[in-house]
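See structure below.
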Amino acid sequence: MNNCFVDQFRKQTFRVVMLVLFLMYLPVGVFGSFSNKKEGKSEGSKKELTGDVKRGQKIFFGLAELGEGAPVCANCHNTTEIDSLNWYPSSYEIGSKFKKKGLMAFKKAVLSPSTPTMKKVHAKLTLTDQDVTDVKAYLDQVAVDGLTPKKPVVKNALLMISLTIIIIIALVDAFFTWKVKFKIIHLVVILLAVAGQVKLVSHAAIALGRSKDYSPDQPIKFSHKVHANQNQIDCLYCHPSAEYGKNAGIPSVNVCMNCHILVAEGQISGKYEIDKVKAAYTNKKPIEWIRVHNLPDHVYFNHSQHVGAGKLDCTECHGDVKDMHLIKQVEDLSMGWCINCHRTKEVRFTDNKYYGDYKQLHEDLKSGKIKKVTVEDIGGTDCMKCHY
Amino acid sequence: MKKYWKSPEELKYGLNLNQEEEFEMDHKNAVIDLFEKDIPEKTTSRRNFLKLMGFSITAASVVASCKRPVQKAIPYLIKPEEVTPGNALYYASTYFDGTEYGSILVKSRDGRPIKIEGNKLSGISAGKTSARVQASVLSLYDEARYKGPMISGVESDWDKVDAEIITKLAAIRKKGGKIALLTGTVISPSTIKVIESFRESYPGTEWIQYDPVSFAGMLIANKKSFGLQQIPNYRFDRADLIVSFSADFLGTWLIPVPFTKDYAKNRKLDNGKRNMSKHIQFESVLTVTGSSADKRIPVKLSEEKIIVANIYNLLAKKAGASLVKVPKSKVNVHALVKELEAHKGKSLVVSGANDVETQLLVNRINYFLKNYGKTIDFNKPLNIRKGLDADMENLISEIENGKIDGIVFYNVNPLYNYSDKDRFENSLDKVSLQVSLSTSPDETSLMVDYNCPDHHYLESWNDAEPVKGSFSLAQPVTHPLFNTRQAQDSLLKWSGNDLKYHDLLQQNWEEKLFQLQDRESDSKKFWIRSLQDGVFTVSPSGGTENSPEWIFNNDFSEISSVSEGLELVLYETVALGDGRNANNPWLQELPDPVSKACWDNYLNVSPAFAEKNELQNEDVVEIAGLKVPVFIQPGQAEGTVSLALGYGRDNTGKVANKTGVNAWPLVTVKDETRQYSIGEVKVSKTGKKHTLALTQTHHSMEGRPIVRETSLEEYLENPAAGNESHAEAEKNKVSLYKDVKFDGHHWGMAIDLNSCTSCGACIIACQAENNIPVIGKKEVRKRRIMHWIRIDRYYSEDPEQPMVLNQPVMCQHCDNAPCENVCPVSATMHSNEGLNQVAYNRCIGTKYCINNCPYRVRRFNWYKYVENDKFDYNQNSDLGRLVLNPDVVVRERGVVEKCTFCVQRIQEKKLNAKLENRPLKDGEIEPACVQTCPSDALVFGDLSDPDSKVSRMFKSERNYHLLEDLHTLPSVGYLTKVRNVEKTHGEDKKDVGHA
């Protein structure tokens, strides 16, 4: 019996040790293979191009000579992921665009640009052929590797850890070191720290699956501010089905081309972004936008109910899109948020003949028993108004 | 009170509890079986529970730490004008699969067809569809379909296939050989043109139309009687007395949907109508039609001819015509003949027998009764069956003699449903060119050299003339999913014709059919309008309907008496018909309207026969070389057993394969016509068992007065006859709760039991609309069938000669719902429009609501039925899931679901009214079941509106609610069934019973 148990124990220990070893070597192996791959690729690209990637990177970041008063490339063309809108194309975009084009095309675009902005900025650039080749080599590499990812923010984690340390200190002091005499202080400190942790966890849990403030980079740097604010284009010009359809819809490329067949150059963005729209149109490849407002599958939401029948203003849910360069989700689109509005929002009760069927409510409204009819009064908080 | 029962076992032993015990353990064990493959044997253990818990916690933490995946939104490059993403479009089209016709609207969401609705503009189907038409949308997304052309089973391309076929065809033409074009009945005028063009190019072409379920007997009889080789249209709405001999006109016979609509119209007692038609059915198999009949007389199929001849003789004697030598029938027909004579011009005698003599006698009887031109319409004959059985026999002997050099199969599958398929298969080797145009694999197409798959009908252009003068168009509603080509285009290409079928079709309509109308002056406009309407009916010429001239010399041969031996009758089921749609899981899982079994065919035996031979349900017996399970079917005629056709398919797809047995080899040919019964069969036990998915003892209502019926006589005396307890329940209505008041809408449904024929169209419509999963035979047996609407079938009286009552039951949307107040998480609650709602995401699966629902209408998702290899039906493949309705959630495992009154449709129509700034119209909202119901038995509307149709039906004295004494206040009302008999409770078997 005993022997058997020992055997079992040994087996288990052996397994655990092997597992730990495996886990330890796993990252090494994985990253090892990654780095190998990288080297292989850059070697491959070196053979094709004679540029020096390292030197190209130095030039791009202004660490090598660029000519007197010349701007640093990386100042305008970001090399890391950012969450603000940079009107200038990122190093990745340039890299991808010129990857298949020749060196001459790249050189021409850099040194003798066609748009006024670029002419002004690039005017003082003095680059030799070798410099251009090196920069291109670097950009080709960026086109393969992509932008450097943003480092995650660890504010909450730090807070969580520090609160845990406080709890531990308080416990240690309460039982072993006895620096603070009144036990009530320990208790209060521990309770407060635990409360803080609970709050952190619960907030994080509630935010799970929600994406308030979501504002991803789009394939085209489309600015709502430019279109809806500066150019005063109505929301419904591009999103007409918000009024009569389930989805507000993203305008098809032919709608973009209504204007952009004439407007070939933007004030801020120049030709670069608008060219993408034109390219989509001529290449017959639709633009793959990143969806920002996204309700879960078990929610039925119909735009025409809210915009067409309810006559809501777009800004009530989408915020001041007119002031956004990059579109952002301003509300959390949670059920609580929906319900709150349904509880307070007045229905266009007397304007729409459909509501004539609600006779009692009409009477109450007439007699002054109620002042307004909210969405909730006509069943707007029933489950099966949104979930079916 | 009369006793109602659902199964012979229930009648004999009280409630059938054996099944309950069998599955009790199963229900218990099903809770945690995530890690166990062989579920039923293993019990739930603490170990499993801990495993599951550990797994869930890890999974939850892993999922929580993941980022939400990035979703893309890809708009159109150039948006078509009519498309609004998220809004459905409806295109008019036509369904015809060779047996069943329907003018339809196809609901298309974002470019994919997801639902079939009836086309209300059609004069034939009038917005109604059958279960098979409803299910046809799923066959578009059948994985088994051919993906492209093939040569000898090897994938090929169209150019190569065309080149080879054209070379071979030309060679045959050169040597003067014969080509056989074997098709199902073709009702498309444009396709006939294509075939003509093919015959012009290849003069040796012989065109044979082959109907597995044949109407040749009727065609030949009509030719002999009137010189018209046609099938007339039967007008059940004009007949006050209907006598049918095995013609299952409400289920499978000719055009059941229009027949059902007409039949029900004449049997409704609304708007103060005080008369209804009387229906007498002679049959051996209990059919949908027989169960609706006022009087059903079970007889042997072979005896029907004797009864018909006896009726003929009585009528002929009075008319002074020559008599038929016939033995006296077991059924005394004197009273029946008297009744028929009293309804001259207003009666209708039909027979389903494929026998020339019987049909001749029936014709003559109708002629005596002056029914032609009144209830039988030869002015607008039906085109939907044209095949002559002799043609097929000739073809086979020609093939055997090596006279046929090429054969093209279009919409036929003789190697499955031809009786002597071995003979056919062996002789096929003598044909040098074999081409099949079949859309999906079938027994025939797997044997041929060239497969040139046709489009699915939802991808095709086509037209149809099901009834003379009524045309309809079919248009593609989606881009072809696979590399297939329309059959007509293939034929045109091989004939060397450069025209596309679409152009030929349009030309034909713009040139030929345009001449027949005067509504549009421009042929283009006429084409566009027809395409939009989907139908076009030739304006009536204004002439009265005339009776054709009788030309037969009444030279009937002597009819011998029936042998005493056991007779095996072959019949079609409502769900599968002749079996061409057998790979459709919706249809396979549709409980048979009568037996309530699915996923199998079985030998129906009468209770007396079972007792005599000591047979029980599921015993496997051997009959005529086939091994089939037994099913005890009350109402099966004495001396007969029956077996359904359409099962036992081979290599046609994962659903159809090996379900049931193939009964087609038992069909015989006699006197130029195919016979669907064989005499002198022996039944022998094998001692084996074959489980059947019987749903009939599910959802039993424990013998309470659920269905209420009365006779016409009593109804006329007192409209509330049979419904006396309703008044009492109303009187006793007291409640501790506050009365529920509805301002605005209060949705309700009224169901006229007089109209429901239990055809099952509503079940499939609901399944398509609400993404209801198919769960397979094993699970159905465990009483877990997911259908939101079921049709309960009750028998009463003698098990050998039962009366049948059908009752559709869905969620009753009680205003005082028992399910609502037991839910611990408030996942089910009442809406302010009277709907009993379920929030799936809130449900935690306690099933308290299921236990507390007295109507047994709630369904539980025992498993995840989507993307689950254990449930390998349509929802397990990306292709099959394209049929899902995007407006309705696909339910997860562990939640309860049930009928919602199609809340998505209610919301849609309400929104439309709001957007158009108008009140809702009565009848505007139609749940899927109401939309499709061929007999208009279901009516949906607003109970708050006193003038709505449903409110008026609720006020009828026939109206009652299920278990109304429980004070659940259902929003569904039922109208009592009224039978056109003298008295239900008295003895009224004397007029036409066994003599």
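General observations
- Checking B:Asn841 against (1) assigned to a loop (DSSP other than H, G, I, E, B); (2) more than 14 Å from every other protein chain (Cβ to nearest Cβ); (3) surrounded by fewer than 20 Cβ atoms within 10 Å (Cβ to Cβ), the condition it does not meet: (2)
- All helices (runs of 4 or more DSSP H) inside the stretch A:272-350 with 1 or more residues being free of Cβ contacts under 8 Å to residues at least 24 places away in the same chain, touching a helix residue (DSSP H, G or I) at 6+ places or on another chain (Cβ under 7 Å) and surrounded by 14 or more Cβ atoms within 10 Å (Cβ to Cβ): A:272-283
- Scanning the stretch A:198-226 for residues that are away from chain B (no Cβ under 14 Å) and surrounded by 16 or more Cβ atoms within 10 Å (Cβ to Cβ), we see that the one that is farthest from the chain's Cα centre (by Cα) is A:Val226.
- Within the stretch B:874-924, the set of residues being more than 7 Å from chain A (Cβ to nearest Cβ), within 24 Å of B:Asn841 (Cα to Cα) and aliphatic (A, V, I, L, M) comprises B:Leu882, B:Val883, B:Leu884, B:Val890, B:Val895, B:Val896, B:Ile906.
- A:Ile250 in a loop (DSSP other than H, G, I, E, B), in the same structural domain as A:Ser304 (by TED's automatic domain parsing), under 24 Å from the mean Cα position of the chain (by Cα) and at pLDDT 90 or above: yes
- When B:Ile166, B:Ile220, B:Ile179, B:Ile187 are screened for being assigned to a strand (DSSP E or B) and either under 30 Å from B:Thr358 (Cα atoms) or touching a residue at least 40 places away in the same chain (Cβ under 8 Å) (or both), only B:Ile179 passes.
- Qualifying positions in the stretch B:397-420 - crowded, with 20+ Cβ neighbours inside 10 Å and farther than 24 Å from B:Asp97 by Cβ: B:Ile399, B:Ile404, B:Asp405, B:Gly406
Per-residue answers, yes or no, for (1) at pLDDT below 80; (2) closer than 22 Å to A:Gly270 by Cα; (3) assigned to a helix (DSSP H, G or I):
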site	(1), (2), (3)
A:Gly32	yes, no, yes
A:Ser35	yes, no, yes
A:Gly40	yes, no, yes
A:Gly44	yes, no, yes
A:Gly56	no, no, yes
A:Gly95	no, yes, yes
A:Phe98	no, yes, yes
A:Met104	no, yes, yes
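- Residue list for the stretch A:345-388, restricted to those being more than 44 Å from the chain's Cα centre (by Cα), among the small types (Gly, Ala, Ser) and within 11 Å of chain B (Cβ to nearest Cβ): A:Gly356
- So A:Asp320, is it under 30 Å from the mean Cα position of the chain (by Cα), at negative phi and at pLDDT 90 or above: yes
Residue by residue, here is whether (1) modelled with pLDDT under 90; (2) out of contact with any Phe, Trp or Tyr (no Cβ under 9 Å at 6 or more places or on another chain); (3) not small (Gly, Ala, Ser) holds:
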{"site": "B:Asn604", "(1), (2), (3)": "no, no, yes"}
{"site": "B:Val620", "(1), (2), (3)": "no, yes, yes"}
{"site": "B:Ile623", "(1), (2), (3)": "no, yes, yes"}
{"site": "B:Gly635", "(1), (2), (3)": "no, no, no"}
{"site": "B:Val641", "(1), (2), (3)": "no, no, yes"}
{"site": "B:Gly646", "(1), (2), (3)": "no, no, no"}
{"site": "B:Gly653", "(1), (2), (3)": "yes, yes, no"}
{"site": "B:Lys670", "(1), (2), (3)": "yes, yes, yes"}
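- Hey, B:Thr289 under 30 Å from B:Trp494 (Cβ atoms), among the hydroxyl-bearing types (Ser, Thr, Tyr) and outside the structural domain of B:Asp671 (by TED's automatic domain parsing) or not: no
- Residue match in the stretch B:93-115 (condition: at pLDDT below 70 and either more than 12 Å from chain A (Cβ to nearest Cβ) or over 30 Å from A:Ala207 (Cα atoms) (or both)): no
- Elements of the type strands (runs of 3 or more DSSP E) sitting completely within the stretch B:670-759 and holding at least 2 residues that are surrounded by 17 or more Cβ atoms within 10 Å (Cβ to Cβ): these cover B:673-675, B:709-711, B:747-752.
- Residue in the stretch A:181-199 that is farther than 24 Å from A:Arg291 by Cα, out of contact with any helix residue (DSSP H, G or I) (no Cβ under 8 Å at 6 or more places or on another chain) and part of a loop (DSSP other than H, G, I, E, B) present: yes
Table: residues versus (1) farther than 27 Å from A:Ala279 by Cβ; (2) among the hydrophobic types (A, V, I, L, M, F, W, C); (3) in the same structural domain as A:Glu265 (by TED's automatic domain parsing).
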| position | (1), (2), (3) |
| --- | --- |
| A:Ala70 | yes, yes, no |
| A:Phe98 | no, yes, no |
| A:Met104 | no, yes, no |
| A:Ala109 | no, yes, no |
| A:Leu125 | no, yes, no |
| A:Gln130 | yes, no, no |
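So that you can scan it fast, the table gives a plain yes or no per residue for (1) within 14 Å of another protein chain (Cβ to nearest Cβ); (2) within 27 Å of the chain's Cα centre (by Cα); (3) free of Cβ contacts under 8 Å to residues at least 24 places away in the same chain:
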residue	(1), (2), (3)
B:Asn806	no, yes, no
B:Asn836	yes, no, no
B:Tyr848	no, no, no
B:Tyr855	no, yes, no
B:Arg859	no, yes, no
B:Asp872	no, yes, no
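- Given (1) part of a loop (DSSP other than H, G, I, E, B); (2) under 26 Å from B:Ala608 (Cβ atoms); (3) touching a helix residue (DSSP H, G or I) at 6+ places or on another chain (Cβ under 9 Å), number of the condition B:Val641 does not satisfy: (1)
- Considering residues of the stretch A:227-245 that are closer than 25 Å to A:Lys285 by Cα and in contact with a Ser or Thr (Cβ under 8 Å, 6 or more places away or on another chain) only, the residue farthest from the other protein chains (Cβ to nearest Cβ): A:Ala242
- Test: B:Ser595 is surrounded by fewer than 21 Cβ atoms within 10 Å (Cβ to Cβ) and either among the hydroxyl-bearing types (Ser, Thr, Tyr) or within 21 Å of B:Leu692 (Cα to Cα) (or both): no
- Restricting attention to the stretch A:246-260 and to residues that are more than 7 Å from every other protein chain (Cβ to nearest Cβ) and among the hydrophobic types (A, V, I, L, M, F, W, C), the residue that is surrounded by the most Cβ atoms within 10 Å (Cβ to Cβ) turns out to be A:Ala248.
- Screening A:Ile166 on (1) surrounded by 12 or more Cβ atoms within 10 Å (Cβ to Cβ); (2) modelled with pLDDT under 90 shows it passes everything except condition (2).
- Condition met for B:Asn426 (buried (at least 24 other Cβ atoms within 10 Å of the Cβ) and closer than 21 Å to B:Pro212 by Cβ): no
- Verdict on B:Ala768 being over 22 Å from B:Gly973 (Cα atoms), small (Gly, Ala, Ser) and not in a loop (DSSP other than H, G, I, E, B): yes
- Search result, residues across the stretch A:228-247 that are over 15 Å from B:Tyr76 (Cα atoms), assigned to a loop (DSSP other than H, G, I, E, B) and not aliphatic (A, V, I, L, M): A:Asn231, A:Gln232, A:Asp234, A:Gly245, A:Lys246
The values are calculated or read from the model by the stated rules, or taken from the named source; none is laboratory data. Just so we're clear, the structure is a prediction, and the values are computed from it rather than from any experiment. All Cβ positions, glycine included, derive from the backbone under ideal geometry; neighbour counts span all protein chains shown.
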